[in-house]
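See below for the structure under consideration.
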């Protein structure tokens, strides 16, 4: 709307007329400062005494608790020091039971304890040191107060000797087929002490297994050794020529080598039923005369239970 056409304006803009009063109202603030001196604003003495009393009571409870904890801790530490240093708990005996191949004196020398030491030793560390001996299958270590350590040992039971690759690299293996101890040799003459080789010549010798095969597949190789041990046990269950070696070739074919007479019995692939093949051998062996048995060098059993091939030495 054109304001110049309002009545009384005369078409011109009137001069600005100052307002008679401002719309901005300034209120008078009250003086917020408290009247009186600083001493008058301090808490009353009774309030100060009450606050100090409460703080003192709280600090006394905390100090009493801290003192009690310190006393208990000091008592525990003193008891520990007395137990671990008192001659009353000095070791006078390290008893080792269940050994056959393990020399108890050599085992004691390898332990982290000794006679005269404190009986409160780390039994777990002692157990680890005992099980480090390759003949030890399991071991139980216990403390017999006030001054003895008892060690109960269960040794591995050697079921065969396994040659891994090189014929000189022979190891004792248990019934599960796992090699656990290298055969280091027989006892020294005149010492009267049994060596690692003691009894090894009375165990079946399993050959033909490459060290690389055992390294690449130890569980599969152990199964092969376990099956060969089972075959040797079945063979020895009847009156048959004593075995000197069980050879397992890379294809799994088993050949038994008897000692006397020196004859090789080829049984075929490892695995499967053995009774039929052993019955076939028994029948063929019974049909040979003593002279023919002495000249026999190889007996081949194939898949047919009624067929046997016997190779004789030349005259």
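Say each of residue 279 and residue 249 gets a label point 7 Å from the Cα, pointing the same way as Cα to Cβ; how far apart are those two points in nm?
It is 2.7 nm.
Between residue 95 and residue 308, what is the label-point separation in nm under the 7 Å Cα-to-beta-carbon projection?
5.6
What FRET efficiency comes out for the pair residue 88/residue 152, r = Cβ-Cβ distance, R0 = 30 Å, nearest 0.05?
Once rounded, the FRET efficiency stands at 0.75.
If I stretch the segment between residue 47 and residue 69 completely, what's the gain in nm (0.36 nm per residue apart, minus their alpha carbon distance), one decimal?
Length gained, residue 47 through residue 69: 4.6 nm.
Label-point separation (nm) for residue 128 and residue 288, each offset 7 Å from Cα along Cα-to-Cβ?
Going by the 7 Å Cα→Cβ label model, 5.6 nm.
Where in region 171-185 is the amide nitrogen less than 12 Å from a point lying 7 Å along the Cα-to-Cβ axis of residue 230?
It comes to 176-177, nothing else.
We did not get these values from a lab; they are worked out from the coordinates using the rules stated. This one's a predicted model, so the numbers in the text were calculated from it and none came from an experiment. All Cβ positions, even for glycine, are placed from backbone atoms using ideal geometry, and neighbour counts span all protein chains on display.
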